[in-house]
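*Asks:* Structure incoming, see below.
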Amino acid sequence: MTASSSSKPVKQIHLAAHFPGVNNTTVWSDERSQSQIAFSSFRHFAQNAERGKFDFLFLAEGLRLRETRGLIHDLDVVGRPNTLAILAALAGVTSNIGLVGTLSSTFNEPYELSRQLATLDHLSGGRAGWNIVTTSDAFHGANFRRGKFLDLADRYSRAQEFFDVSSQLWDSWADDAIVADKASGEFARTSGLGLVDHHGPQFDVTGYATLPPSPQRHPVIVQAGDSPDGRDFATSSADVIFSRHADFEAGRAFYDDVKGRLDAVGRPRDSLKILPAATFILGDTHAEALERSREISRLQVSPQTAISFLEQVWNTDLSGYDVEGPLPEIDPVVTAEGGAKGRAYVHTDPVATANAWREQASAKGWSIRELVISFAAKHTFVGTPVFVAETINRHVQEDASDGFVIVGNTNPTGLDEFVDRVIPELQERGVYRTDYDEGATLHETLGLPAVAARSASTVAGAALVSA
């Protein structure tokens, strides 16, 4: 179904651009690939995404190098620089695109992080966003004083309290608190500054925010949790969900579930955007795109990547296995603490997972590498630019998503082809902007309601105290 055939109003597509890190998505060996820490790479990526009129760019963050069986995976040793430093630098070489960073609510403190995000919003003219992630495991905690303190069950309660304290700080200055009256010599109306006095299970914060309200007052809040707790947190506090449900039917089910929760918290459906991660492979014909997809998939899943992927489940040394051969017949080694550390994939029942994978591989005649490709390198959109544009549009118009977070497979040029060939097709269909609105904040670019302004009298009468 195209937008023109629907009786509903035509929805505008929202797109974000994901900077690839060092992982199996990125083909670092491609001759077009460049440094994943040099500023020139980030600048090209950001300016190209802005050329494509993307809503925002998105940086992931890793707080520790991944390990398997106590060894660092050799394809994961760089590409994790500080997110806020990069976004601040990119604010100076872009004008319109949003700047969203992944920052943990577990290993940061709300007073300092809220201040840093407000600073980024000021520097960028209202384009800052925060992807709130929770980090519960002691592997990451070993790098921080908190260590094993945070239990798994506490991760979203801490995230919610973190967000609540940050919001109090962002709201504690009135919009009219800065007077800057040169004649009278009055710079700030102190009645417009509210004291934040918070005492909760996770945080004790007493003090004044150091900055006046930024252009958005609150950065755009992005959240990626998929558990019931994660969905509840997103519907109560987030503006965007970075979803993993890019498949059409799974996307519609997720979309219906999350959007259906908004009414209970008094939010309209359009106040929360759902953007699944999506990869793409283009070709002049569908057959050419399929062949490119097969070639790139094998580059993305190198032999050592395939073995490392399986070792996350088997929890034992599988380096002697042929990646082009069958899956191991031995069962996983089940321990209280698995051998894979810092991985995105979590397998709560390794034996059941191994049995299911063996059954699937046997039925389809897959080798180890082919099985891993089906999980880790299956491309979302494969086809001609027209086909990809029509498929994206169908997802949005039929409520399987509000758009996508597009991930390229090379760095930093991985989105160039999408911008050159798919964006014009979307624009031709009237479902994607041809330019930004001048001076728009990220909230406005995403079509989100603005955060309410506060006057000095409102701040003076507000109770910025919580227990």
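The values are calculated or read from the model by the stated rules, or taken from the named source; none is laboratory data. None of these values were measured; they are calculated from a predicted model. Note: ideal-geometry Cβ built from the backbone for every residue, glycine included; neighbour counts use all protein chains shown. Each accessible area value is taken on the protein alone, full model and side chains, heavy atoms only, with ligands, DNA and RNA left out. Shrake-Rupley method; radii C 1.70, N 1.55, O 1.52, S 1.80 Å.
*Asks:* Report, ordered by the first and then the second residue, all pairs with beta carbons closer than 9 Å, sequence separation of six or more or different chains, a first member in the range 9-21 that is open to solvent by less than 20 Å² (accessible area, probe 1.4 Å) and among the basic types (Lys, Arg), and a second member that is modelled with pLDDT under 95 and in a strand (DSSP E or B).
*Replies:* Listed by first residue and then by second, the contacts come to nothing, as the list is empty.
*Asks:* Further question on the same structure: Applying the selection to the range 389-419, what residues are touching a Pro at 6+ places or on another chain (Cβ under 9 Å) and either in a helix (DSSP H, G or I) or hydroxyl-bearing (Ser, Thr, Tyr) (or both)?
*Replies:* Ala389, His395, Ser401, Thr410, Glu417, Phe418
*Asks:* State whether one or more residues within the range 303-324 are in a loop (DSSP other than H, G, I, E, B), more than 19 Å from Lys11 (Cβ to Cβ) and among the aromatic types (Phe, Trp, Tyr).
*Replies:* Among the residues of the range 303-324, at least one is in a loop (DSSP other than H, G, I, E, B), more than 19 Å from Lys11 (Cβ to Cβ) and among the aromatic types (Phe, Trp, Tyr), which makes the answer yes.
*Asks:* Which of the residues spanning the range 256-279 are without any contact (Cβ under 8 Å) to a residue 60 or more places away in the chain and of a type in the set (A, V, I, L, M, F, W, C)?
*Replies:* Result: Val258, Leu262, Ala264, Val265, Leu272.
*Asks:* Moving to a separate point now. Report yes if some residue within the range 193-212 is over 22 Å from Leu113 (Cβ atoms) and either open to solvent by less than 70 Å² (accessible area, probe 1.4 Å) or over 27 Å from the mean Cα position of the chain (by Cα) (or both); otherwise report no.
*Replies:* Within the range 193-212, not a single residue is over 22 Å from Leu113 (Cβ atoms) and either open to solvent by less than 70 Å² (accessible area, probe 1.4 Å) or over 27 Å from the mean Cα position of the chain (by Cα) (or both).
*Asks:* Just checking, does the range 143-157 include any residue being in a strand (DSSP E or B) and over 30 Å from Thr434 (Cα atoms)?
*Replies:* Checked the range 143-157: no residue is in a strand (DSSP E or B) and over 30 Å from Thr434 (Cα atoms).
*Asks:* Every residue in the range 256-300 that is of a type in the set (A, V, I, L, M) and open to solvent by 40 Å² or more (accessible area, probe 1.4 Å), please.
*Replies:* Ala264, Val265, Ala287, Leu290, Leu299
*Asks:* If Asp232 meets every condition in (1) part of a helix (DSSP H, G or I); (2) surrounded by fewer than 17 Cβ atoms within 10 Å (Cβ to Cβ); (3) among the charged types (D, E, K, R) apart from one, which number is that one?
*Replies:* Of the numbered conditions (1) part of a helix (DSSP H, G or I); (2) surrounded by fewer than 17 Cβ atoms within 10 Å (Cβ to Cβ); (3) among the charged types (D, E, K, R), the odd one out for Asp232 is (2).
*Asks:* Only residues that are modelled with pLDDT of 95 or more and hydrophobic (A, V, I, L, M, F, W, C): list them for the range 212-237, please.
*Replies:* Val220, Ile221, Val222
*Asks:* Ala400 - would you say it is at pLDDT 95 or above and touching a helix residue (DSSP H, G or I) at 6+ places or on another chain (Cβ under 7 Å)?
*Replies:* In short, yes.
*Asks:* Restricting the search to the range 436-456, which residues are hydrophobic (A, V, I, L, M, F, W, C) and either touching a Ser or Thr at 6+ places or on another chain (Cβ under 7 Å) or not in a loop (DSSP other than H, G, I, E, B) (or both)?
*Replies:* Leu442, Leu448, Ala456
Each row is one residue, and each column tells you yes or no for (1) at pLDDT below 95; (2) surrounded by 18 or more Cβ atoms within 10 Å (Cβ to Cβ); (3) farther than 30 Å from Gln427 by Cα.
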| residue | (1), (2), (3) |
| --- | --- |
| Thr25 | yes, yes, no |
| Ile37 | yes, no, yes |
| Ser40 | no, no, no |
| Gly52 | no, yes, no |
| Asn82 | yes, no, yes |
| Gly92 | no, no, no |
| Gly98 | no, yes, no |
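*Asks:* Just the residues that are open to solvent by 60 Å² or more (accessible area, probe 1.4 Å) and either within 14 Å of Leu211 (Cα to Cα) or of a type outside the set (Asp, Glu) (or both), please, taken from the range 100-145.
*Replies:* Tyr111, Glu112, Arg115, Gln116, His122, Leu123, Ala142, Asn143, Phe144, Arg145
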